[in-house]
Structures are given as C-alpha cells and as structure tokens.
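The values are calculated or read from the model by the stated rules, or taken from the named source; none is laboratory data. Because the structure is predicted, anything quoted here is derived from the model rather than measured. Positions of Cβ are generated from backbone atoms using ideal geometry, with glycine treated the same way; all protein chains shown enter the neighbour counts.
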Amino acid sequence: MQPSTVKRHYIMRSLILLGFTLLLADLIVTGRLSHYLAPRLHMLSYVTVAILALLTAVSIRQAVVGPDSYECDCGDAHKVPRSPFTALVVYGLFALPLVMGLVLPDKTLGSAVAEKRGVTLLTGEGKWVQSVGSSTKPGSDQAGSPAPDANAMTDGTEKAKGAGETGNTTVSGNGGPGRSDAPEKAGDSGSPNQSAPQTDEQIRQRFAANSFGDFYTDIAVSLYKQPVIHLDDKLFLDGLTTMELYAKEFAGKELETLGFVYREPGFTPQQFVVARFSVSCCTADATVFGILVEDKAASKWATDSWVKVRGKLELRSVDGYDMLVLKASRIQPVKAPKDPYVYYDFNAAAP
C-alpha cells in the first residue's frame, strides 16, 4: 500500500480520536457529564480523556511522519483497511456515535421514563432497613418496580410492625392513588411534635428506640430539629428513607423540597408526585423516588415542570400501611438544577 494512502488512514483515525477527546472534555468542562454518569465515576472519565489525548497525539505523529518502518517488527499485524468499503464500515462505526454525541441535544430523564419504570413514593430503602432491624430477611421487591395493584399503593409483602414502620409504596404505570377512605392520623401523630423535646439527647432517645441504626438516627435528629425540613439534593434519598422509617414522628412537620411533576392516569386533579431520579452508576440504572403532594391547584402545574413545594406532612393509612403525604401550602416554579439527579450520601448527617 502506498505511503500516502496509509497517511490518509492515520489522518482519519486522528480526527476520530480528536473528536472523542473534545466531546468528553466538553462534557467535563460544562458539567454535563452528570447527565450520563454518577459523580463517583467522574474520575474514570478524567483518566479516559487523558488517555484519549495521548492516543490522539500519537496518531497525529503517525499521520505526519508516515510508516517509515515497523518498529515493533510485527509485519502486517497493524495493517490498515485495504478496500474503501471496509474502511467506510470500520470508521463509520466510530464516527456514528461521535456525530450523535455532537449533534443530538442533552436530555434529562422525565415522566416518560418514570411511567415505564414506576415511581417509588418515599423510598424502598426504608423497608430493607426495617427488615434488618427486626432480624428478618429483606423483602424481595426492588425499588421503583410497579406494584401489582396500583390502588393498593403498597407491594403487600410485609406488614408494618411497631411504631414508625411503614411500607414501600409504589405507583405503577396502571393508575395512581386516590384519596384514602381511612381516617387520617395526622392529628393524632402530629401532637407529639407540638411538645417536641428541646435537647439533642431527648430527640435522639425518641428515634433510637426503633433501633434502625445510628446513621438514620443521626439524620432523623438533624431533620427533626429544623423548623422547616429542607430536603435538598444531598439529603433527598437518605432523608426520604429516614422519614419513612419514622413516619409517625415526622407527621405534622413542615417540609420543603423540589423536583419535577409526575402524574399517573389514576391521580385526582389535586394530586401529583414531586419526583427525582436516583442514579447509581449511569442513567441506564436510574430509579424514580418522590413524595405524593396534594393541593387544590395541583392541576395547573404541567407534567415534567420543576417546582419547589412546601407544606405539612400528614400520615395516612392506606390498606393498613402508614404513608406520609405532603399537603402543600406553597408551590412555586423553579428552574431544573444543573445536576437533576440525586445520589445516596453516606455522610448525609455530617454537619
């Protein structure tokens, strides 16, 4: 093969490598990498972009210098595609994802994905912690999977036992929760909040009795001391788990959080879920968590719009399970955060 032909192949390879290097570098610099990968994997992306830059430099050198000799003395082991069709297929396989990454806009996950995967109200982590605390095996249900009966609002695999234990509540793709006919417990369970203990030790004793572990007890104490619980991105998942474990203790507390509006066909006009996607590694494993919100003007908020909701937590009994519902006192539109996803933070209770 003529040296000029080989050089053209190296030029094509250099352009492809340069394209991937610039694409990944752009995602890192602009912060859009979080739309695809969880923060704990970002370091691997930094290493990858450095390796790509090195390979690009080597490929450019080969394109400029040309194949003078086989330094590795391995003959035709590194030969380039000889026919135009083979070259088109080989380079096209690399160029296609590169062009798609450069041309297609970034899009965050929303209600369309949530409807297919199911939305877990509060969080499924709470049931696992309850099971461990009571020395039983964790339930077999996975967070975010649709419930067999949407009207039941629970997976029905484990009955609530003792004060503060609640079931894993999931909204399926077939329907949503209506208003429960069971009497509300907010008034009864909310009364202890009016005479809340003043010292950290007294608050800790209130939550430590359930034996869910120091981690969740620390978070519960931190949240309970706040006049208005601010469920921010850092605390969203662990905070929901904590409030599920101690549902009766948190009934009557004021809470403020933000998320996107999600609805199911079975919801009443006064209901929607303020939801967030949780990502473990990448968006392919994303799971949806949220809080059921009730408000007279809920219907005016468009699905997938981002809102900040403030209201009082009320304890409802739905088919024998306790569930916290946020009765909104204020809803306001907000812009989607730069990183729309939330992650578990094992230092959530740290000051």
*Pairs, first assigned by TED's automatic domain parsing to the domain that holds Phe20 in region 42-54, second charged (D, E, K, R) and part of a helix (DSSP H, G or I), C-beta under 8 Å, six or more apart*: none
*asked:* Of everything in region 255-291, what is crowded, with 18+ Cβ neighbours inside 10 Å and over 17 Å from the mean Cα position of the chain (by Cα)? Give them in sequence order.
replied: Leu255, Arg263, Glu264, Phe267, Gln271, Phe272
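Yes/no per residue for (1) part of a helix (DSSP H, G or I); (2) modelled with pLDDT of 90 or more; (3) polar (S, T, N, Q):
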residue	(1), (2), (3)
Met1	no, no, no
Val6	yes, no, no
Val47	yes, yes, no
Arg61	yes, no, no
Asp68	no, no, no
*Looking only at region 271-307, count how many residues are in contact (Cβ under 8 Å) with a residue 60 or more places away in the chain and not in a strand (DSSP E or B).*
7
*Of all residues in region 18-41, how many are surrounded by 13 or more Cβ atoms within 10 Å (Cβ to Cβ), assigned to a helix (DSSP H, G or I) and of a type outside the set (A, V, I, L, M)?*
7
*State yes or no: is Arg82 basic (Lys, Arg) and at pLDDT 85 or above?*
no
